[in-house]
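Working notes for the structure below.
The values are calculated or read from the model by the stated rules, or taken from the named source; none is laboratory data. What you are looking at is a predicted structure, and each value in this text was computed from that prediction instead of being measured. Cβ atoms come from the backbone with ideal geometry, glycine included; neighbour counts cover every protein chain shown. Each accessible area value is taken on the protein alone, full model and side chains, heavy atoms only, with ligands, DNA and RNA left out. Shrake-Rupley method; radii C 1.70, N 1.55, O 1.52, S 1.80 Å.
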2 protein chains.
Amino acid sequence: MNIKIILNKDTDIYKQIYSHFKEEILTKRFKVDEKLPSIRQIANKLKINNITVLKAYSLLEADGYIYKVKGSGSFVKNINLNNTCTLQKPILENFKNGQIKINSNINFASATPNKEIFPTEIFQNIISNLFLEDGSDLFIYEDSQGNLDLRKNIANLLKKEIKNISHKEIQIINGAQQGLDLLKKGIIKNNSTIILGSPTYSSAITTFSNFCKIKTVPVQADGFDMETLEDILKSKKIDYVYVMTNFQSPTGYKWSDDKKIKLLNLAEEYSFYIIEDDCLSELYYHDIPTSSIKSMDFMDKVFYINTFSKVIMPGLRLGYLIPPKKFISSIINSKFISDISSCSLSQRSLNVFLENHYEEHLLKIRSFYKQKYELVKSLIFKSKFLKLDYLPEGGFYFWVSVLNDLNCDLLYMKFKERGVNVLPGNVFFYKKTSSNKIRISFAAVSEDEIILGFRIIEETIHEIIHGGENIYTPLI
Amino acid sequence: MNIKIILNKDTDIYKQIYSHFKEEILTKRFKVDEKLPSIRQIANKLKINNITVLKAYSLLEADGYIYKVKGSGSFVKNINLNNTCTLQKPILENFKNGQIKINSNINFASATPNKEIFPTEIFQNIISNLFLEDGSDLFIYEDSQGNLDLRKNIANLLKKEIKNISHKEIQIINGAQQGLDLLKKGIIKNNSTIILGSPTYSSAITTFSNFCKIKTVPVQADGFDMETLEDILKSKKIDYVYVMTNFQSPTGYKWSDDKKIKLLNLAEEYSFYIIEDDCLSELYYHDIPTSSIKSMDFMDKVFYINTFSKVIMPGLRLGYLIPPKKFISSIINSKFISDISSCSLSQRSLNVFLENHYEEHLLKIRSFYKQKYELVKSLIFKSKFLKLDYLPEGGFYFWVSVLNDLNCDLLYMKFKERGVNVLPGNVFFYKKTSSNKIRISFAAVSEDEIILGFRIIEETIHEIIHGGENIYTPLI
């Protein structure tokens, strides 16, 4: 056995030992149930105190990497990745400090739009006019369902696609996440069964875990694997199916019309509801994407969620939810007991923006992001270690395989040490998995950062595979 | 039996019959289990179709006022007021259109501060400066826990009262209601047992109903009835106790220091947590109110909730939650899965306001509301029909008894018909009750409206008790 460890003066020694073994385990250089060196062996070898090693081993145990057998020593645990807390950790870390910058890191993890392209000046003018026109009304409680003019404006924008849509069917929410939250609170019963894609949006997993029974269906480039879906429907009562129709997180996949119609028909046949999360459909860089499932929903089977966080600015904290008609009053009630109503100033300024600036803004951001999209695409194609199985036609995400089947948690950790943040593939799977996938988002990064970030990624993977240049000293 | 009915051309006849009997039942002119006239009797008397009367009776049955016995007729039901949906109805109605004005009504129901006193111009300047200083940062996602400067500023304001408070313990929320929601989502387990005051804040009842087991303890002018509380604690495991420390809704009661200390000691002895809702303590019109329970909380037993909705403006949608230290990470997680973070623009502008304008603003609103407080007080003292058992020392609420034990639901309905909104006492009780209390809030109304509103209230009660002038035609 050839174990190596880095020793430096800047970090606590126990933390170095911890990181070393964590890495060995994640890269499978230690196998499941393999015995680790004894505490004394390591302490002797490194000429350090037993207590220091004990501290490292205790931390490894607490974090679920090893287990102790009394009298026998410590062994590598079969890491259970199906744990929401662990799943969420890298995401929450990336949300610290506003999800834009993590210290001076390059953030390929964030799905937050780049603030360079925010229509800040337009909002400055809108808000300054609103103060003159609306005065103190900007700070009242709005109707729990949302500002009437804003709902009318949204209905108007949707009319092209969703026939006969009325503002009475629309609930204003604080972004897509609150849409899921209101459904959970007002509609979905505890222990209902919900189907999620595999992989899928990580916050959907977090929202429904420990509340619903979850079944998963593999996702394909044109939607769910319908055969697996039908098999599940035949064998079990399903209450909800959650889908992201366009440029799904993390894969970038979009649903074909055939599969959308098929899903609607199944919803009718097997009496389930569809939760359609459609927050990226305006960000297309090729053809206009196909219509939403909601636009075909003549049987009132779809809860439709959309947000302005990605296409305008997340700080507005605004999106909308369109439930099947009979559920709107439950949803309003749900909003009321959540936080009474959304911010009036945000709603009123968004209303003016939608009326006068939205179409132009969409053209602008499409061209802005397309440039970055092309850059990332070309860098992945050039990469020695990254592989793309599917080229998305829009959105923010590239779902990338790393050669040599390197574990994504290790990659996440190693990239992060060098100031590059990605999301490890594991956070997008409900079921225990060990993925070699990472999600690279170009939402928040500049072109310079993209170029530098890819260089670091390449170097890091190279080092993991080929080893560094004499920076390691052999331990045992 | 002398039943009278109004007949007019503007309203559907079945609705008139419905309203008539509903009123008779609520005013107890029909007793529980008393038989109603048969459908045919009424139809003959009024020279209308049987179907019309049937429609009215069906609606009465659906709304829970009467029950049918096959072959015998219809009887007055023992009205079950313990129903959250019914409870919430008048409150939700009052929230329509921003809770400020309901058409041209006088709104004694609303606890929304009067927008006359909003510091709108100050915020206009603050926001305009923020655009220059922070630019597009105003529209990013803030940290889920809340903007760092804002948390530091709040900690600073609290330091006088809560020793050693740190910004690390503070979670920013979208108003007090979201505080309760986050607790429910991240801390309180389903089927926990919680104690509420009787009466208490209606949204606390709504939030915890159908989720927790609820026990109630009578409230007294200086806090809970501690004997009843101790009896419950001795016989049952209690997980949480919810209290409003100062100027409670609906009573205006405030807790004495003795009872606060007692409650804390009981929390330690019986291992429960206290949820302290303290959103009105800055609105005192006599002495400075006593300290919060949180300020005495050396055993880390208190979840403290406060909001800027009442003292600054509700449209900011901002408040804060301070949990016992060990729960802060669960609370942050809870916020993240609710709506990721609160609005950046609101948080940053509040931050500047707290630093430079808050103290002065508080002086201003105290004197503004004190004037209305004195006016309402004098009008209640002059009233022939209203009685005050307790004179609050601050806040927005007078908890008023109506003479002749008139049912509060009837009063709510009758006042509303004449354009005056109050909240019926029943919405503040978890347990079935039939109250003659109404809550009169002077938060949203002007002095003119207060004077006119009280005149209408007096006239309406007079008419209910003494009857109108020949506007009734005898029915049977």
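Does residue A:232 count as in the same structural domain as residue A:301 (by TED's automatic domain parsing), at pLDDT below 95, among the β-branched types (Val, Ile, Thr) and farther than 26 Å from residue B:341 by Cβ? Spell out how you get there, then give the answer.
Details: in the same structural domain as residue A:301 (by TED's automatic domain parsing): yes; at pLDDT below 95: no; among the β-branched types (Val, Ile, Thr): yes; farther than 26 Å from residue B:341 by Cβ: yes.
For residue A:232, the condition - in the same structural domain as residue A:301 (by TED's automatic domain parsing), at pLDDT below 95, among the β-branched types (Val, Ile, Thr) and farther than 26 Å from residue B:341 by Cβ - is not met.
Which one of B:102, B:122 is surrounded by fewer than 21 Cβ atoms within 10 Å (Cβ to Cβ), at pLDDT 90 or above and not hydroxyl-bearing (Ser, Thr, Tyr)? So that I can check it myself, show each step before the final result.
Numbers: B:102 fails: at pLDDT 90 or above.
Exactly one residue qualifies, and that residue is B:122.
With respect to the numbered conditions (1) outside any helix (DSSP H, G or I); (2) at pLDDT 95 or above; (3) under 30 Å from residue B:230 (Cα atoms), which one is the sole condition not fulfilled by residue B:172?
Going through (1) outside any helix (DSSP H, G or I); (2) at pLDDT 95 or above; (3) under 30 Å from residue B:230 (Cα atoms) one by one, residue B:172 breaks only (3).
Testing residue A:226 on (1) in contact (Cβ under 8 Å) with a residue 60 or more places away in the chain; (2) farther than 24 Å from residue A:162 by Cα, one condition comes back false. Which one is that?
The number of the failed condition is (1).
Please go through segment B:118-146 and pick out each residue that is touching a Lys or Arg at 6+ places or on another chain (Cβ under 9 Å), part of a loop (DSSP other than H, G, I, E, B) and hydrophobic (A, V, I, L, M, F, W, C).
Passing the criteria: only B:140.
When you check residue A:183 against the structure, is it within 21 Å of the chain's Cα centre (by Cα), in the same structural domain as residue A:213 (by TED's automatic domain parsing) and either at pLDDT 95 or above or not hydroxyl-bearing (Ser, Thr, Tyr) (or both), yes or no? Step through it out loud before you land on a result.
Working: within 21 Å of the chain's Cα centre (by Cα): yes; in the same structural domain as residue A:213 (by TED's automatic domain parsing): yes; either at pLDDT 95 or above or not hydroxyl-bearing (Ser, Thr, Tyr) (or both): yes.
It is true that residue A:183 is within 21 Å of the chain's Cα centre (by Cα), in the same structural domain as residue A:213 (by TED's automatic domain parsing) and either at pLDDT 95 or above or not hydroxyl-bearing (Ser, Thr, Tyr) (or both).
Looking only at segment B:134-176, count how many residues are away from every other protein chain (no Cβ under 11 Å) and over 20 Å from residue B:309 (Cα atoms).
So the answer is 11.
Surrounded by fewer than 23 Cβ atoms within 10 Å (Cβ to Cβ) and in a helix (DSSP H, G or I), is that true of residue B:228? Before the answer, list the steps.
On the way: surrounded by fewer than 23 Cβ atoms within 10 Å (Cβ to Cβ): yes; in a helix (DSSP H, G or I): yes.
Spelling it out, residue B:228 is indeed surrounded by fewer than 23 Cβ atoms within 10 Å (Cβ to Cβ) and in a helix (DSSP H, G or I).
Quick one: how many residues across segment A:311-332 are at the interface with chain B (Cβ under 7 Å from one of its Cβ atoms) and either assigned to a helix (DSSP H, G or I) or free of Cβ contacts under 8 Å to residues at least 60 places away in the same chain (or both)? Reasoning before the result, please.
Within segment A:311-332, the subset at the interface with chain B (Cβ under 7 Å from one of its Cβ atoms) is A:313-317.
Going one step further and asking which of them are either assigned to a helix (DSSP H, G or I) or free of Cβ contacts under 8 Å to residues at least 60 places away in the same chain (or both), we end up with A:314-316.
Final tally of qualifying residues: 3.
Here's the yes/no breakdown for (1) on the phi > 0 side of the Ramachandran plot; (2) in contact with a Gly (Cβ under 6 Å, 6 or more places away or on another chain); (3) of a type in the set (Lys, Arg):
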site	(1), (2), (3)
B:281	no, no, no
B:284	no, yes, no
B:287	no, no, no
B:291	no, no, no
B:295	no, no, no
B:304	no, no, no
B:315	no, no, no
B:326	no, no, yes
B:330	no, yes, no
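Which of the numbered conditions does residue A:108 fail, given that it passes all the others? Conditions: (1) more than 9 Å from chain B (Cβ to nearest Cβ); (2) more than 27 Å from the chain's Cα centre (by Cα).
It fails just one condition, (2).
Please enumerate the residues belonging to segment A:264-294 that are more than 25 Å from the chain's Cα centre (by Cα) and open to solvent by 10 Å² or more (accessible area, probe 1.4 Å).
A:265, A:268, A:269, A:270, A:271
Quick one: which of A:240, A:253, A:284, A:273 is in contact with a Ser or Thr (Cβ under 8 Å, 6 or more places away or on another chain) and of a type in the set (Phe, Trp, Tyr)? Before the answer, list the steps.
Details: A:253 fails: in contact with a Ser or Thr (Cβ under 8 Å, 6 or more places away or on another chain); A:284 fails: in contact with a Ser or Thr (Cβ under 8 Å, 6 or more places away or on another chain); A:273 fails: in contact with a Ser or Thr (Cβ under 8 Å, 6 or more places away or on another chain).
Just a single option satisfies the conditions, and that option is A:240.
Only residues that are among the hydroxyl-bearing types (Ser, Thr, Tyr), over 20 Å from residue B:180 (Cβ atoms) and not in a strand (DSSP E or B): list them for segment B:269-290, please. Steps first, answer last, please.
Step one: list which residues in segment B:269-290 are among the hydroxyl-bearing types (Ser, Thr, Tyr), which gives B:270-271, B:273, B:281, B:284-285, B:290.
With the extra rule that they be over 20 Å from residue B:180 (Cβ atoms), the set shrinks to B:270-271, B:284-285, B:290.
Result: B:270, B:271, B:285, B:290.
Determine, yes or no, whether residue A:157 is open to solvent by 20 Å² or more (accessible area, probe 1.4 Å), in the same structural domain as residue A:325 (by TED's automatic domain parsing) and either without any contact (Cβ under 8 Å) to a residue 12 or more places away in the chain or among the aliphatic types (A, V, I, L, M) (or both).
Values: open to solvent by 20 Å² or more (accessible area, probe 1.4 Å): yes; in the same structural domain as residue A:325 (by TED's automatic domain parsing): yes; either without any contact (Cβ under 8 Å) to a residue 12 or more places away in the chain or among the aliphatic types (A, V, I, L, M) (or both): yes.
So residue A:157 fits the description; yes.
Mind counting the residues in segment A:318-357 that are open to solvent by less than 10 Å² (accessible area, probe 1.4 Å), within 25 Å of residue A:114 (Cβ to Cβ), under 24 Å from the mean Cα position of the chain (by Cα) and not polar (S, T, N, Q)?
Residues meeting the conditions: 2.
Would you please list the contacts, defined by Cβ atoms under 9 Å and residues six or more apart or on different chains, that run from a residue in segment A:121-133 that is at the interface with chain B (Cβ under 9 Å from one of its Cβ atoms) to a residue that is of a type in the set (Lys, Arg)?
Listed by first residue and then by second, the contacts come to A:127/A:348.
When the residues of segment A:177-201 are filtered to those that are within 11 Å of chain B (Cβ to nearest Cβ) and assigned to a helix (DSSP H, G or I), which remaining residue is farthest from residue A:439 (Cα to Cα)?
Checked segment A:177-201; the qualifying residue farthest from residue A:439 (Cα to Cα) is A:185.
Among the residues of segment A:361-382, is there at least one that is at pLDDT 95 or above, under 21 Å from residue A:154 (Cα atoms) and in contact with a Phe, Trp or Tyr (Cβ under 7 Å, 6 or more places away or on another chain)?
Yes, there is a match, as at least one residue in segment A:361-382 is at pLDDT 95 or above, under 21 Å from residue A:154 (Cα atoms) and in contact with a Phe, Trp or Tyr (Cβ under 7 Å, 6 or more places away or on another chain).
Report yes if some residue within segment A:108-117 is in a helix (DSSP H, G or I) and either open to solvent by less than 60 Å² (accessible area, probe 1.4 Å) or modelled with pLDDT of 95 or more (or both); otherwise report no. Even if it seems obvious, please write down each step before you answer.
First pass over segment A:108-117, keeping only residues in a helix (DSSP H, G or I): A:115-117.
Of the ones still in play, those that are also either open to solvent by less than 60 Å² (accessible area, probe 1.4 Å) or modelled with pLDDT of 95 or more (or both) are A:117.
So far as segment A:108-117 goes, yes, one or more of its residues are in a helix (DSSP H, G or I) and either open to solvent by less than 60 Å² (accessible area, probe 1.4 Å) or modelled with pLDDT of 95 or more (or both).
Does any residue of segment B:56-73 turn out to be at pLDDT below 70, surrounded by 18 or more Cβ atoms within 10 Å (Cβ to Cβ) and within 28 Å of the chain's Cα centre (by Cα)? Show your work before the answer.
So in segment B:56-73, the residues at pLDDT below 70 come out as none.
No - not one qualifying residue is present in segment B:56-73.
Which residue out of A:438, A:461 is over 23 Å from residue A:117 (Cβ atoms), open to solvent by less than 10 Å² (accessible area, probe 1.4 Å) and either modelled with pLDDT of 95 or more or not in a helix (DSSP H, G or I) (or both)?
Numbers: A:461 fails: either modelled with pLDDT of 95 or more or not in a helix (DSSP H, G or I) (or both).
Being over 23 Å from residue A:117 (Cβ atoms), open to solvent by less than 10 Å² (accessible area, probe 1.4 Å) and either modelled with pLDDT of 95 or more or not in a helix (DSSP H, G or I) (or both) holds for just one of A:438, A:461, which is A:438.
Mind listing whichever residues of segment A:175-191 are more than 14 Å from residue A:330 (Cα to Cα) and open to solvent by 10 Å² or more (accessible area, probe 1.4 Å)?
Those that are more than 14 Å from residue A:330 (Cα to Cα) and open to solvent by 10 Å² or more (accessible area, probe 1.4 Å): A:176, A:190, A:191.
Could you tell me which of the residues B:157, B:130 is over 20 Å from the mean Cα position of the chain (by Cα) and over 19 Å from residue B:276 (Cβ atoms)?
Working: B:157 fails: over 19 Å from residue B:276 (Cβ atoms).
Criteria check complete, one pass: B:130.
Residue by residue, here is whether (1) outside any strand (DSSP E or B); (2) open to solvent by 10 Å² or more (accessible area, probe 1.4 Å); (3) of a type in the set (S, T, N, Q); (4) more than 26 Å from residue B:20 (Cβ to Cβ) holds:
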| site | (1), (2), (3), (4) |
| --- | --- |
| B:359 | yes, yes, no, yes |
| B:373 | yes, no, no, yes |
| B:387 | no, yes, no, yes |
| B:404 | yes, yes, yes, no |
| B:409 | yes, yes, no, no |
| B:414 | yes, yes, no, no |
| B:448 | yes, yes, no, yes |
